[in-house]
Amino acid sequence: MLPPASSEEPSSFRQAGSPVRSFRHFHQLDSTNRWAVEHGAEFSDEQLPLLVLADHQTAGRGRGDRSWHADAGTLTFSLLEGLKRLQLQRATASRIALVAGLSVAEAIESFVPPLSARIKWPNDVQVAGRKVCGILVEAAGSAVDRVVIGIGVNVSTDFSTAAEDVRQRAGSLAEIANRPLARNELLELLVERLAENTARMAEEFPELIAAIRQRCLLSGKQVTLQRGRESLRGWCRGIDEAGALRIDDGHTVHHVESGEIVRLV
């Protein structure tokens, strides 16, 4: 078994020039997203972005309030951002999950070469056919001009006690790379990429979408998408200029802005 990653607090977020203006570090927390949502109002716009980091998250959530398996080898954090600061409209905030996925993929490829990361629309990142990252973007409580970007990365996560379905689809970077990895080294790379890419969204979104398309896991594959009570099946034709998934059912190419891939062939 690989040794656990260090839980030492990253010092770079306390230094001048850091992309993070406020930083809260916890040895244990139920959910970094929940803390950011509940306490975000305590931070002014000038204090954003706020990074909330937990060494161990006990009740992490994915889409649809699914639980997220995390242990001492899992990197779990949330970034509270202001849409006004990023010059984004509420209508385009849903694109942040895709840009966060791109940031994770770029950070992983820089952190563990020569691994290649793929983006599974709308909010997962896979390496070597295994899910290594989940992303959950939420509105920051009643604040309509703020969002919380929650990210969980399986750096050296131990799945021996996880549910069977989790063990079948998830993996850790350390296991795939076959060497021990330190969570906080990836954290610093990832936060830098996330800050840079979200700052580019207002004026350079087409360039970001081009990079996302290159890493689209679903493109060219047959998928079944669940959207509320509606099910849509067809061939994925990639991601359009607005970040929507294009699905060709044989009659129409649907541009889907939200939903969940429940089957991938």
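The values are calculated or read from the model by the stated rules, or taken from the named source; none is laboratory data. Note that the coordinates shown come from a computational prediction; the quantities given were computed from them, not determined experimentally. Cβ atoms come from the backbone with ideal geometry, glycine included; neighbour counts cover every protein chain shown.
Some notes on this structure:
- Breaking point among (1) out of contact with any His (no Cβ under 8 Å at 6 or more places or on another chain); (2) without any contact (Cβ under 8 Å) to a residue 40 or more places away in the chain; (3) among the hydrophobic types (A, V, I, L, M, F, W, C), for residue 244: (1)
- For region 185-197, the criterion of a residue being loosely packed, with under 15 Cβ neighbours inside 10 Å and touching a strand residue (DSSP E or B) at 6+ places or on another chain (Cβ under 9 Å) is satisfied by no position.
- Residue list for region 158-188, restricted to those being β-branched (Val, Ile, Thr) and at pLDDT below 95: 161, 166
- Going through (1) within 22 Å of residue 129 (Cβ to Cβ); (2) loosely packed, with under 13 Cβ neighbours inside 10 Å one by one, residue 249 falls short only on (1).
Table: residues versus (1) over 30 Å from residue 265 (Cβ atoms); (2) without any contact (Cβ under 8 Å) to a residue 24 or more places away in the chain; (3) not charged (D, E, K, R).
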position: 184; (1), (2), (3): yes, no, yes
position: 193; (1), (2), (3): yes, no, no
position: 201; (1), (2), (3): yes, no, yes
position: 207; (1), (2), (3): yes, yes, no
position: 210; (1), (2), (3): no, yes, yes
position: 216; (1), (2), (3): no, no, yes
position: 219; (1), (2), (3): no, yes, yes
position: 226; (1), (2), (3): no, no, yes
position: 234; (1), (2), (3): no, yes, yes
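- Scanning region 220-243 for residues that are within 19 Å of residue 95 (Cβ to Cβ) and surrounded by fewer than 18 Cβ atoms within 10 Å (Cβ to Cβ) yields 227, 237, 238, 240, 241, 242.
- Among residues of region 253-265 that are without any contact (Cβ under 8 Å) to a residue 12 or more places away in the chain, none has a Cβ under 6 angstrom from a residue that is of a type in the set (S, T, N, Q) and exposed (fewer than 13 other Cβ atoms within 10 Å of the Cβ) at a sequence gap of 6+ or on a separate chain.
- Any chance residue 187 is in contact with a helix residue (DSSP H, G or I) (Cβ under 6 Å, 6 or more places away or on another chain), in the same structural domain as residue 132 (by TED's automatic domain parsing) and closer than 30 Å to residue 146 by Cβ: no
- Exactly one residue out of 146, 118 is out of contact with any Phe, Trp or Tyr (no Cβ under 9 Å at 6 or more places or on another chain), in a strand (DSSP E or B), of a type in the set (Lys, Arg) and within 19 Å of residue 37 (Cα to Cα): that is 146.
- Checking residue 162 against (1) within 14 Å of the chain's Cα centre (by Cα); (2) outside any strand (DSSP E or B), the condition it does not meet: (1)
- Filter result for residue 127 (of a type in the set (Val, Ile, Thr), in contact with a Leu (Cβ under 6 Å, 6 or more places away or on another chain) and more than 25 Å from residue 245 (Cβ to Cβ)): no
- Only one of the listed residues (110, 103, 67, 94) is assigned by TED's automatic domain parsing to the domain that holds residue 138, modelled with pLDDT of 95 or more and either over 19 Å from the mean Cα position of the chain (by Cα) or surrounded by fewer than 21 Cβ atoms within 10 Å (Cβ to Cβ) (or both). That residue is 110.
- Of all residues in region 150-182, none satisfies the criterion of being buried (at least 22 other Cβ atoms within 10 Å of the Cβ) and of a type in the set (Lys, Arg).
- Residue 116 farther than 16 Å from residue 95 by Cα, under 17 Å from the mean Cα position of the chain (by Cα) and loosely packed, with under 15 Cβ neighbours inside 10 Å: yes
- Test for residue 154: is it within 13 Å of the chain's Cα centre (by Cα), among the polar types (S, T, N, Q) and more than 24 Å from residue 213 (Cβ to Cβ): yes
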